[in-house]
Amino acid sequence: MFAFADAIMPSYTYPMWWESAIGGLIFGWVIGIWTILCRRLIFKKAGLPGRWALIPLYREYLRFKAASMKKRFRICISIPFIRFASSLIFRFIWTATEAWNNLMMIKSIINRILWMLLFWSLIVFIVSYFRISKNFGKWVWFSFGLRFLNAIFIWILAFDQSKYTPIENK
């Protein structure tokens with residue numbers, strides 16, 4: 001009877017969907033923790049407190065500081081959050097009011113301004129990667145790696161023998 005069942009349905013089984021999901025989740029957590037530890041080492045190389053590598057907004061502030069960016073550029077950290085908050089506020093006001101034509105005109109103007117600010121902040125973030133690679137004595141191509149393959153290039157920056165020499169802030 002078992003031979004007949006094996007002939008109809010093979011005895012091997014496919015992994016369940018949750019097994020691969022758990023594997024991906026564990027892999028993501030390992031990469032995330034390793035990246036945070038590498039950021040801590042980079043901050044220590046730059047003479048900044050490494051313990052703040054866990055806090056996202058302050059970590060970005062320190063990255064701008066390590067890039068020798070002016071203080072006025074550090075406001076770019078909050079622009080995506082301002083855009084998200086404004087969309088939530090307008091969504092709430094839009095559903096709560098009857099006169100939505102005027103509100104939609106104001107929303108479209110503010111939305112365009114926030115999109116321009118978001119684009120400007122993206123450019124400032126890319127410039128910060130260029131400045132960080134320059135501060136650690138790397139080539140321009142390394143900054144592209146920091147931007148697009150961050151998990152790999154941050155490990156390289158943490159464990160190589162490069163020294164942090166800040167460039168002057170012009």
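Does residue 162 count as at pLDDT 75 or above and touching a Pro at 6+ places or on another chain (Cβ under 7 Å)?
On the way: at pLDDT 75 or above: yes; touching a Pro at 6+ places or on another chain (Cβ under 7 Å): no.
So residue 162 does not fit the description; no.
Report, by residue number, each residue of the stretch 56-80 that is touching a Leu at 6+ places or on another chain (Cβ under 9 Å) and open to solvent by 70 Å² or more (accessible area, probe 1.4 Å).
Scanning the stretch 56-80 gives a single hit, 65.
So the check is Cβ under 8 Å with 6+ separation or different chains; which pairs have a first residue in the stretch 120-132 that's on the phi > 0 side of the Ramachandran plot and a second one that's open to solvent by less than 60 Å² (accessible area, probe 1.4 Å)?
Taking only residues 6 or more apart or on different chains, not a single pair turns up.
Please enumerate the residues belonging to the stretch 45-61 that are more than 13 Å from the chain's Cα centre (by Cα) and more than 18 Å from residue 162 (Cβ to Cβ). Spell out the reasoning first.
Here is the first cut: in the stretch 45-61, the ones more than 13 Å from the chain's Cα centre (by Cα) are 45-52.
Correct list: 49, 51, 52.
Pull up the stretch 4-38, narrow it to residues that are part of a helix (DSSP H, G or I) and polar (S, T, N, Q), then point me to the one that is modelled with the lowest pLDDT.
Our first condition is that a residue be part of a helix (DSSP H, G or I); within the stretch 4-38, this holds for 4-8, 17-38.
With polar (S, T, N, Q) added as a condition, the list becomes 20, 35.
Working: 20: 74, 35: 91.
This residue is 20.
Looking only at residues that are open to solvent by 50 Å² or more (accessible area, probe 1.4 Å) and not in a helix (DSSP H, G or I) in the stretch 108-163, which one is nearest to residue 80 (Cα to Cα)?
Among them, the one singled out is 149.
Could you please tell me which pairs satisfy a Cβ distance under 7 Å, a separation of 6+ or placement on different chains, a first residue in the stretch 33-46 that is at negative phi and free of Cβ contacts under 8 Å to residues at least 12 places away in the same chain, and a second residue that is part of a helix (DSSP H, G or I) and surrounded by fewer than 20 Cβ atoms within 10 Å (Cβ to Cβ)?
From residues that are at negative phi and free of Cβ contacts under 8 Å to residues at least 12 places away in the same chain, the pairs are 44/50.
The values are calculated or read from the model by the stated rules, or taken from the named source; none is laboratory data. Worth saying up front: this structure is predicted, and the values here are computed from it rather than measured. Using ideal geometry, Cβ is built from the backbone for each residue, glycine included, and neighbour counts are taken over all protein chains shown. Side chains included, ligands, DNA and RNA excluded: accessible areas come from the protein's heavy atoms. Shrake-Rupley method; radii C 1.70, N 1.55, O 1.52, S 1.80 Å.
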